[in-house]
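Participant: Below you'll find the structure I mean.
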Amino acid sequence: MKTPHSKSAIAPATRNDLARLVDEQMATDILALHPTIAEVEEAALLATREGDVLAKAGHQLSTNAAEILNILTTDEEEEPPLIR
């Protein structure tokens, strides 16, 4: 995990940072929040369920990271269509 003083903690995320993680629309939505790389990394960890370690350590999610997590998991929260 990055320390608060690492470059990713303050460096703004770019479209290139997001290109391998999400589609264009999600990248646009995330970049509108002006997140740091660390916020994107934090949300991505939680979205893949590997963030349990953060939660157990009492780590509080930043507002931006929470918004990014919401964007990343929106499809997961939708109900599957009923099959007839």
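The values are calculated or read from the model by the stated rules, or taken from the named source; none is laboratory data. In this text the structure is predicted, and so the values were computed from the model without any measurement. Every residue, glycine as well, gets a Cβ built from its backbone with ideal geometry; the counts of neighbours run over all protein chains shown.
Participant: Looking at Ala38 and the list (1) under 18 Å from Ala11 (Cα atoms); (2) at pLDDT below 90; (3) under 10 Å from the mean Cα position of the chain (by Cα), which single condition is not satisfied?
Facilitator: (2)
Participant: Just the residues that are within 20 Å of Asp75 (Cβ to Cβ), of a type in the set (Gly, Ala, Ser) and either modelled with pLDDT of 90 or more or surrounded by 18 or more Cβ atoms within 10 Å (Cβ to Cβ) (or both), please, taken from the range 1-35.
Facilitator: Answer for the range 1-35, where residues must be within 20 Å of Asp75 (Cβ to Cβ), of a type in the set (Gly, Ala, Ser) and either modelled with pLDDT of 90 or more or surrounded by 18 or more Cβ atoms within 10 Å (Cβ to Cβ) (or both): Ala27, Ala32.
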